[in-house]
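A short worksheet on the structure shown next.
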Amino acid sequence: MRDHNQMPGHLARRFQQIAVAVFHAEVEAVGSDLTPVQYAALLAIRQNPGVDQITLAGLIAYDRTTITGVIDRLERKGLVTRVVSSSDRRARVLKITSEGETTLDTIQPAVDAAQRAMVSGLSPDDAETLMLLLRKAIAATNDLSRAPQKLGLANHDG
């Protein structure tokens, strides 16, 4: 019988639990209630102004149903706007608001601290190796995900 601590799935789940807890602790300490997925979405919208929801979901590897709820919450918080696309009436394009920009700028030091905390038990070389191996494992299995990440530039009204 195998020890669960020798199984990559268990270790990945456990590291994710820790990553989310550390993110929340750091971000809440600076007065924000942004979740990791809200942060990822807001950052991707900043980097891709005018991105549509479906493309955004692919960029951050979330399914379409989940991303709708995430955008609903970001919109209610006044951090993004969602408007009908001028090129596809069925699509909704997203733009970060000035409040969203301020929120990202305000929490960025906390996000950076969270990232450092997640690898604080590793030497800089080991942390770099961990990141390399995570990217390699994810790239090799991305298509197995229910929400595979789609890399590249977003198609949007910009």
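Computed from the coordinates by the stated procedures, all read-outs in this text should not be read as laboratory data. This is a predicted model, so every value here is computed, not measured. Note that we place each Cβ from the backbone using ideal geometry, even for glycine, and neighbour counts take in every protein chain shown.
Structure values in brief
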| item | result |
| --- | --- |
| About the Cα centre, charge dipole magnitude for region 1-84 (Lys/Arg +1, Asp/Glu -1 at Cβ), debye | 120 debye |
| Theoretical gain in end-to-end length, residue 76 to residue 129 [0.36 nm per residue, Cα-Cα removed] | 15.1 nm |
| Per residue, the convex hull volume that the Cα atoms of the chain enclose (Å³) | 137 Å³ |
| Value at 222 nm in deg cm²/dmol, rounded to 500, when DSSP H runs of n ≥ 4 in the chain each add -39,500 (n - 2.57) | -19500 deg cm²/dmol |
| Förster-model FRET efficiency, 25 Å R0, residue 10 and residue 140, C-beta, rounded to 0.05 | 0.85 |
| Eligible lysines near residue 77 by straight Cα distance, threshold 20 Å, same-chain separation 8 or greater | 95 |
| Cα-based reach from residue 136 at 22 Å (exclusive), listing lysines while leaving out same-chain residues under 8 positions away | 150 |
| Selected from 118, 142, 102, residue furthest toward positive end of dipole (the chain; charges at beta carbon) | 142 |
| Rounded to the nearest 20 debye, dipole of the chain from Cβ charges on Lys, Arg, Asp, Glu | 600 debye |
